[in-house]
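What follows draws every value from the coordinates through simple rules; no lab data is involved. Note that the structure is predicted; figures quoted are calculated from it, not measured. Note that each Cβ is placed from the backbone with ideal geometry, even for glycine, and that neighbours are counted across all protein chains shown.
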Amino acid sequence: MKTAPATFAWALKRDLRIALRRRADTLNLLGFFVLACLMVPFAVGPETDWLARLGPGIIWVMALLAQLTALPMLFANDHQDGSLEHMLASGRSATALVAGKLLAVWLVSALPLIVITPVMALALSVDLPRTGLLVLTLLLGTPTLLVLGAIGAALTLGVRAGAALVALLCLPLYVPVLIFGAGAVDMVTAGLSPDAHLALLAAGMVLATWGGPYLVALALRTSLE
């Protein structure tokens, strides 16, 4: 029987290799994020002050929606070819297996968005100090979004129109993360401290990364029974 660390490393490497072979998925995700952010000025107007105020919230919403589109990368393909059931029945730690898969998906879906966020912030006239804080909030918040989405994806595995159902399940749960993430930047805009918002985001990330893989593994076993 493989140890939990070995299972985690195996799942991480496996899913990263698969993601490299399916680079188009990551490029599509980045394309959606970039185009969605760049289309906003056409809708709300090109006024710099207006864009600078709305920019962080816009980027957060687009990152949230991009995370939703990445959820099928988690379990759907493995479920369709039967490898998911095989992995869960192989005697490996299901929690470690899920943790490795979650980290792999975060690295190929969320991290590229975070890396490109400063460019999008510049396009939306967001100043440098708030851009740095925006990147920090995304680093803290996207793991929580991913874990919440993974629970929804696991519960709806194999269900017809599962993607739409996942969105209905997850979007209400995403609201607090969105409020604290975009709100932290708004606090700086108002001349106030964002520490409380950042602390709540950090607490959510710790809880999600600590207990999330176990809950996702439990949801997977429930769906596959």
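When the alpha carbon gyration tensor of segment 70-126 is reduced to an equivalent ellipsoid, its three semi-axes come out at 34, 12, 5 angstrom, largest first. May I ask for the Rg/Rh ratio of segment 1-84, computed from Cα atoms with Rh as the Kirkwood radius, given to two decimals? Rg/Rh for segment 1-84 comes to 1.17.
Work out the FRET efficiency for Ser193 and Leu38 from their Cβ-Cβ distance, taking R0 = 41 Å, and round it to the nearest 0.05. It would help to have the intermediate numbers written out before the result.
Values: r = 32 Å, r/R0 = 0.77.
The computed FRET efficiency comes out at 0.85.
Can you compute the FRET efficiency between Ala123 and Asp186 using 1/(1 + (r/R0)^6), with r the Cβ-Cβ distance and R0 = 25 Å? Round to the nearest 0.05. Provide the component values of the computation, followed by the final result.
On the way: r = 19 Å, r/R0 = 0.77.
So, using R0 = 25 Å, E works out to roughly 0.80.
Once the Cα-Cα distance is subtracted from the 0.36 nm per residue extended length, the Thr48 to Leu139 segment shows a gain of 30.2 nm. Given a 10 angstrom Cα cut-off, can you work out which residue in Arg22, Arg92, Arg130 is the most mobile in a GNM of the chain? The residue that fluctuates most here is Arg22.
Going from the fewest other Cβ atoms within 10 Å to the most, the residues Arg21, Arg221 appear in the order Arg21, Arg221.
In degrees, nearest 10, range 0 to 90: what is the angle between the Cα axis of helix 195-224 and the longest Cα principal axis of the chain? Helix 195-224 sits at roughly 30 degrees to that axis.
Based only on the alpha carbon positions, what is the Kirkwood hydrodynamic radius of the chain, in angstrom? Walk me through the numbers before you get to the answer.
On the way: mean 1/r = 0.0552 Å⁻¹.
Over the chain, the inverse of the mean reciprocal pair distance is 18.1 Å.
Once the mean of 1/r is taken over each pair of separate Cα atoms and inverted, segment 144-190 shows a Kirkwood hydrodynamic radius of 11.7 Å.
Between Lys2 and Leu16, the contour length at 0.36 nm per residue exceeds the alpha carbon distance by 3.1 nm. Along its principal axes, segment 138-217 has C-alpha extents of 48, 25, 15 angstrom, given from the largest down.
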